[in-house]
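Report on one structure; see the data block that follows.
The values are calculated or read from the model by the stated rules, or taken from the named source; none is laboratory data. Nothing here was measured: the structure is a model prediction, and the numbers come from that model. Virtual Cβ from ideal backbone geometry, glycine too; neighbours counted across all protein chains shown. In case anyone asks, the SASA skips ligands and DNA or RNA and just uses the protein heavy atoms, side chains included. Shrake-Rupley method; radii C 1.70, N 1.55, O 1.52, S 1.80 Å.
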Amino acid sequence: MTLTNLRGISRRSFLKTSAVAAAGTLAAPSILRAQSSEIVIGCAGSHTAWMEAIVAPHMKEAIGADILFEGTKSSVNLEKMSSNKDKPYLSVVQMDDPVMIQAVEADLLVPITADAVPNMTDLRADAVHMDGMWCNYVQPWAGVAYNTDMKDGVPSWEALWDPANAGQIIIPSLQNTEGMWTLFVAAMLGSGKPFAQAQYEIDAAFAKLEELKPNLLSVYTTMSQAFNLLEQGEISMLAGNFSSYALPRKAEGVPVDLAAPKEGIFAMPSGICLVKGGPNPELAQAYVNEMLGPKMQSEIADFASSVPANTTVTAGATIPDGVPIFSPDWAFVAANRRDWIERFDKLMAL
């Protein structure tokens, strides 16, 4: 979701590296001024730019703290919480739902409550998970990003497998949560079943993924670099991309768009949670409350072309009409993801 554009990247120099976060400094609000201190927020590397552009200015007036954003993959945030369980340094983490499940199982989170975070009472029912262990603060949809100078659209997910697109496709690694979309698409096409049933047909998925290899330029772990190749016309399609990433770039005049293939698109919620034993818990709760409140919800949804979680907010993305939206069995994903990643990495090595 970052707006950072890494120029100068070519097919030759494309590297599968992890995004590194930048730091943002925030100052203090009324009620918490006396406790002013630093809290560290773990977030997606691709979120860092809009976190600094939108969240930081608001929090500067609303929360009494200096806030450091650490941007990386959700799986890395989980590793940080686990390895520092006895002495946490993260106060809040924003990461994907399937990794949240693993964090709950590892006893790394403390519940969000309406007493401490009153704005959670305005959230959609499906945005509060496991009795408040985490809440969704934003929900982009995912489809196929494509270069509009190279294609008029992407009507079907089958386009990724079209021989005419040899060497013109990049997909996410399964280390990235959005990589699950290509896996489920492969399961759907390989099994002939709708997504709800096909998500469990993993052998069919990997067989279909193997057929995709001639069309792949690469598999990414860092979305910004892959998206840069799409913008430059080095590739024609980028699978599993977010409305919160592609549509803001389109609005800036970049020759990209996001397709909603006829078979369906994916709901990609982002969660926010409190780290168990994390520093400055009251400041952490205040930060979460602001992230779930109408002002932040509206600004984030508009900026990121995403669906807000707060029911009092009408801003944000419009879900394409007439296209099914699929949300997978995240517990099934969490239970099997490690094995899938190992299998995927061996199969898709280019």
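Structure notes:
- Hits in segment 177-207 - residues which are among the hydroxyl-bearing types (Ser, Thr, Tyr) and either without any contact (Cβ under 8 Å) to a residue 24 or more places away in the chain or open to solvent by less than 40 Å² (accessible area, probe 1.4 Å) (or both): THR177, THR182, SER191
- For segment 124-138, the tally of residues that are among the aliphatic types (A, V, I, L, M), open to solvent by 10 Å² or more (accessible area, probe 1.4 Å) and touching a residue at least 60 places away in the same chain (Cβ under 8 Å) stands at 1.
- Some residue of segment 304-325 being in a helix (DSSP H, G or I) and closer than 13 Å to TYR137 by Cβ: yes
- Every residue from segment 112-123 that is open to solvent by 60 Å² or more (accessible area, probe 1.4 Å) and touching a residue at least 60 places away in the same chain (Cβ under 8 Å): PRO118
- Output for segment 221-235, where each listed residue is surrounded by fewer than 24 Cβ atoms within 10 Å (Cβ to Cβ) and small (Gly, Ala, Ser): SER224, GLY233
Here's the yes/no breakdown for (1) under 30 Å from ALA65 (Cβ atoms); (2) modelled with pLDDT of 95 or more; (3) among the aromatic types (Phe, Trp, Tyr):
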{"site": "LYS208", "(1), (2), (3)": "no, yes, no"}
{"site": "SER236", "(1), (2), (3)": "no, yes, no"}
{"site": "GLY277", "(1), (2), (3)": "yes, yes, no"}
{"site": "GLN297", "(1), (2), (3)": "yes, no, no"}
{"site": "ALA304", "(1), (2), (3)": "yes, no, no"}
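- The condition (being modelled with pLDDT of 95 or more and surrounded by 22 or more Cβ atoms within 10 Å (Cβ to Cβ)) is satisfied by just one residue among LEU174, LEU217, LEU212, LEU160: LEU160.
- Contact map, segment 234-245: residues that are under 18 Å from ALA304 (Cα atoms) paired with residues that are at pLDDT below 90 and of a type in the set (Phe, Trp, Tyr), Cβ distance under 8 Å, separation 6+ or inter-chain. Pairs shown: PHE242/TRP141; SER243/TRP141.
- For ASN310, the test of being in contact with a strand residue (DSSP E or B) (Cβ under 8 Å, 6 or more places away or on another chain), touching a residue at least 24 places away in the same chain (Cβ under 8 Å) and open to solvent by less than 70 Å² (accessible area, probe 1.4 Å) is passed.
- From the list SER30, SER46, the lone residue that is at pLDDT below 85, under 26 Å from TRP340 (Cα atoms) and among the polar types (S, T, N, Q) is SER46.
- Single residue of segment 53-72 satisfying the filter (charged (D, E, K, R) and in a helix (DSSP H, G or I)) that is most open to solvent (accessible area, probe 1.4 Å): GLU61
- Going through (1) over 30 Å from PRO88 (Cα atoms); (2) part of a helix (DSSP H, G or I); (3) in contact with a Phe, Trp or Tyr (Cβ under 8 Å, 6 or more places away or on another chain); (4) not hydrophobic (A, V, I, L, M, F, W, C) one by one, SER298 falls short only on (3).
Yes or no, residue by residue, for (1) charged (D, E, K, R); (2) open to solvent by less than 70 Å² (accessible area, probe 1.4 Å); (3) touching a Lys or Arg at 6+ places or on another chain (Cβ under 6 Å):
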residue	(1), (2), (3)
LEU274	no, yes, no
GLY277	no, yes, no
ASN280	no, yes, no
GLN285	no, yes, no
SER298	no, yes, no
ALA301	no, yes, no
SER305	no, yes, no
ASP321	yes, no, no
ILE325	no, no, no
